[in-house]
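Working notes for the structure below.
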Amino acid sequence: MNLDFSEEQKALKDQVRRFLDARCPPSAVRTILEGAEPFDRALYAGLAELGVLGAAIPEEYGGVGLSHLELCVLAEELGRALAPVPAASSLYLAAEFLLQAGSEAQKKAWLPRLANGKAVGTFAFVEGQGRMTPDKIQAVVTNGRLSGVKSPVADGDAADMAVVAARSGNANGSGRGEQAISLFIVDLAGPGVVRETLKSIDPTRSQTKITFDNAPVEPLGNEGDGWHVTTQVMDRAAILMAFEQLGGADRALEMARDYALERMAFGRPIGSFQAIKHMLADMYVSATLARSNCYYAAWALASGAVELPVAAATARVSATTAFQHCAKNNIQVHGGMGFTWAFDCHLFYRRSNALALALGSLSTWESLLIERMSAGNLEAAS
């Protein structure tokens, strides 16, 4: 088992890092944070031209045709740069739903547009607070029309289409449990769709409340398979999101290290003081542990291993913890200046907390990890 990336993948990583260093400095992130645009459209177009958006989309649908390993590499660089673009919603979720459950016509209609950046997709799933269960979903489709409210929806104000989890208005859909849930495609520019941008800790990754009032929909996949497909796609997205978090954690650690070497106090760098050394060491340990778990999850994703559900939850928990830990301690190493708007520390703190909730809270994924490991232990013992 080789848990490292190939030389070609590392070269791809270096190429994208150079691009993002030039096109997505902290000033570009601040422009979106302080402005009215939901994302950096010029950067998104540049990523499309570079082939990043279509990396894991097959060539017959306008993509580059690389594997999910390459997408993991790209996700880490997007996270490192805090790229203010809807790549996660569009690529990790919407495109993946189409690849997993879409018809040939649906793939041809949407995947080329997602790959070239002409369209943005998202996944409208959450209703209310707490861990999502099939019985919490109240949005319903009757006679091809969707009614209900989804909130929050990541990048919902920027998206052109959404994959929506809802009940179908028949005997199965009106029941309870996983088989009551189906998936649908909604054109967000169509009738019956009202969007309201929500306030969030990180406006560079916007959140939206979407109200559907008899909005026309198109079924995605088989009726009653919605929850099963969602679980699979969310696991895959969790791994990719974990790489984004890993990239952010590494960059926050680098910022703290560099500042500790430059900032002088009592005639010597603050990095020479034991308290700062311990803080940086703890950050390094959490980031390194997250990298190990992410690499294992990437292997499971690329190989389709049976360990994927456990590996996804492990990577998600580890990377979420690492990014929040490194972002918080980065502020502490910078001292009082770290709390100011002028320093970039708060950009990483914002993103770490936004991504911690993006696919479900940390406690949700910790519960999933425990449940999946327990199920595996019971299966092994039987």
Residue match in segment 217-230 (condition: charged (D, E, K, R) and in a strand (DSSP E or B)): yes
Neighbours by Cβ (under 6 Å, 6+ apart or cross-chain): first from segment 38-55, touching a residue at least 60 places away in the same chain (Cβ under 8 Å); second of a type in the set (D, E, K, R): Pro38/Asp157
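Matching residues to (1) assigned to a loop (DSSP other than H, G, I, E, B); (2) over 30 Å from Ser103 (Cα atoms); (3) assigned by TED's automatic domain parsing to the domain that holds Trp110:
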{"site": "Leu12", "(1), (2), (3)": "no, yes, yes"}
{"site": "Ser27", "(1), (2), (3)": "no, yes, yes"}
{"site": "Gly65", "(1), (2), (3)": "yes, no, yes"}
{"site": "Leu69", "(1), (2), (3)": "no, no, yes"}
Candidate set from segment 39-54 (those that are assigned to a helix (DSSP H, G or I) and more than 17 Å from the chain's Cα centre (by Cα)); member that is surrounded by the most Cβ atoms within 10 Å (Cβ to Cβ): Leu43
Segment 157-169 residues that are in contact (Cβ under 8 Å) with a residue 24 or more places away in the chain, paired with ones that are surrounded by fewer than 23 Cβ atoms within 10 Å (Cβ to Cβ) and of a type in the set (Ser, Thr, Tyr) (beta carbon under 7 Å, 6 or more apart): Asp157/Thr197; Arg167/Ser174; Gly169/Thr142
Test for Gly271: is it among the small types (Gly, Ala, Ser), in a helix (DSSP H, G or I), surrounded by 22 or more Cβ atoms within 10 Å (Cβ to Cβ) and out of contact with any Asp or Glu (no Cβ under 6 Å at 6 or more places or on another chain): no
Helices (runs of 4 or more DSSP H) fully within segment 297-382 counting 1 or more residues that are of a type in the set (Gly, Ala, Ser) and over 28 Å from Ala28 (Cβ atoms): 308-334, 362-381
Residue in segment 332-344 that is over 20 Å from the mean Cα position of the chain (by Cα), surrounded by 21 or more Cβ atoms within 10 Å (Cβ to Cβ) and either on the phi > 0 side of the Ramachandran plot or not aromatic (Phe, Trp, Tyr) (or both) present: yes
Single condition Gln106 does not satisfy, out of (1) more than 30 Å from Gly248 (Cα to Cα); (2) in contact with a strand residue (DSSP E or B) (Cβ under 6 Å, 6 or more places away or on another chain); (3) touching a residue at least 40 places away in the same chain (Cβ under 8 Å): (2)
Matching residues, segment 118-131, being within 19 Å of the chain's Cα centre (by Cα), surrounded by fewer than 22 Cβ atoms within 10 Å (Cβ to Cβ) and at pLDDT 95 or above: Ala119, Val126, Glu127
Filter pass, Glu60 being surrounded by fewer than 24 Cβ atoms within 10 Å (Cβ to Cβ), modelled with pLDDT of 95 or more and among the acidic types (Asp, Glu): yes
Considering residues of segment 205-235 that are closer than 30 Å to Ala297 by Cα and among the acidic types (Asp, Glu) only, the residue surrounded by the fewest Cβ atoms within 10 Å (Cβ to Cβ): Glu223
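The values are calculated or read from the model by the stated rules, or taken from the named source; none is laboratory data. Every value quoted in this text rests on a predicted model; they were computed, and no experiment measured them. Please note: Cβ atoms are built from the backbone with ideal geometry, for glycine as well, and neighbour counts cover all protein chains shown.
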